[in-house]
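Okay, structure first, notes after.
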Amino acid sequence: MSKSSPKKAPSCPSSLENELAPLRSRNPLVNPAKGTHRVIVYAAGSRGLINFARPLGIPLYKIGVTSSQDPQRRVEDLRRKGYAALWGRQEQPLDQLVRIPQGHEWCLSPFRAADLDGALPSGVHLVDGHLEIEVPFGVTVEAIDRAVHALLARRSLEQFLKSDEGQKRLVQAGLDPTGQLLTRYTLMTRIDRISAVEELYLIRPQRDLGKLVRGLSLALAPFMAKGRERV
């Protein structure tokens, strides 16, 4: 048996410890110096939505809210799940649901500066085709999410389809008027979850950008005001 001492793990030289730079946030959406973070509002569409909405004569896009640095990640998640790729009732067996053609083909629908009606309000930024809302740390992503979807509620697909006109168009398109757009979530159990789709709106991301920004400016004013009060 060797009598040599076990080797110790090398230690960090003390001279280097004092030279280490302070830790910094690598998230470009977070600004510690200002005490703010940015929440992204993006638009996405799919070939499936086009195939579903065209017979109904409506524009249809998803408006999403995220704190992810790249909304493209959210779109990739929509693809994997087949978001809004099914039509029918939640209680129906999977094999009885209508599959929307090309329902997995999701992509971002970028907002364009050319479609703005003037300058952006303070705290709202247009970056790489999406909106970034700058709010103080105390304002959560969930709070912004609720405010955005409350603003768009009158344009929601769900509300339209429940209206007399929506019901009429569903019948004309040969779709079950009691149905919904659905997503199948594959779980770690034998039974998958089928959920109704939300966050779909009768909106054109480019044509309606000016209205959307003005609405957001009003709906989010209480949150932005908290940021202005910060010293």
Notebook entry, point to check: What FRET efficiency would be calculated for the residue pair Glu91, Asp117, taking the C-beta separation as r and a Förster radius of 30 Å, to the nearest 0.05?
Noted result: 0.10
Next item on the list: Provide the FRET efficiency to the nearest 0.05 for the Thr140-Glu165 pair, computing r from the beta carbons and using R0 = 41 Å.
Entry: 0.65
Notebook entry, point to check: What is the spin-label model distance, in nm, from Arg207 to Glu76 if the labels are put 7 Å beyond Cα along the C-beta direction?
Noted result: 3.3
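State to the nearest 20 debye the size of the charge dipole of the range 55-108 about its Cα centre, where the only charges are +1 on K and R beta carbons and -1 on D and E beta carbons.
That gives a dipole near 60 debye.
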Next item on the list: Can you send over the solvent-accessible area of Lys211, 1.4 Å probe, protein chains only, in Å² to the nearest 10?
Entry: 120
Checklist line | Out-of-range pairs (alpha-carbon distance over 28 Å; input Lys62/Lys168; Lys162/Lys211; Lys62/Lys162; Lys81/Lys168) | finding: Lys81/Lys168
Checklist line | Nearest-0.05 FRET efficiency for Gln102 and Glu158, computed from C-beta distance (R0 25 Å) | finding: 0.70
Checklist line | Largest to smallest accessible area among Glu199, Glu132, Glu142, Glu76 [probe 1.4 Å] | finding: Glu142, Glu76, Glu199, Glu132
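The values are calculated or read from the model by the stated rules, or taken from the named source; none is laboratory data. Here the structure is a predicted model, which is why all the values come from computation and not from measurement. Here the Cβ is made from the backbone with ideal geometry for all residues, glycine too, and neighbour counts use every protein chain on show. Heavy atoms of the whole protein, side chains included, go into the accessibility calculation; ligands, DNA and RNA do not. Shrake-Rupley method; radii C 1.70, N 1.55, O 1.52, S 1.80 Å.
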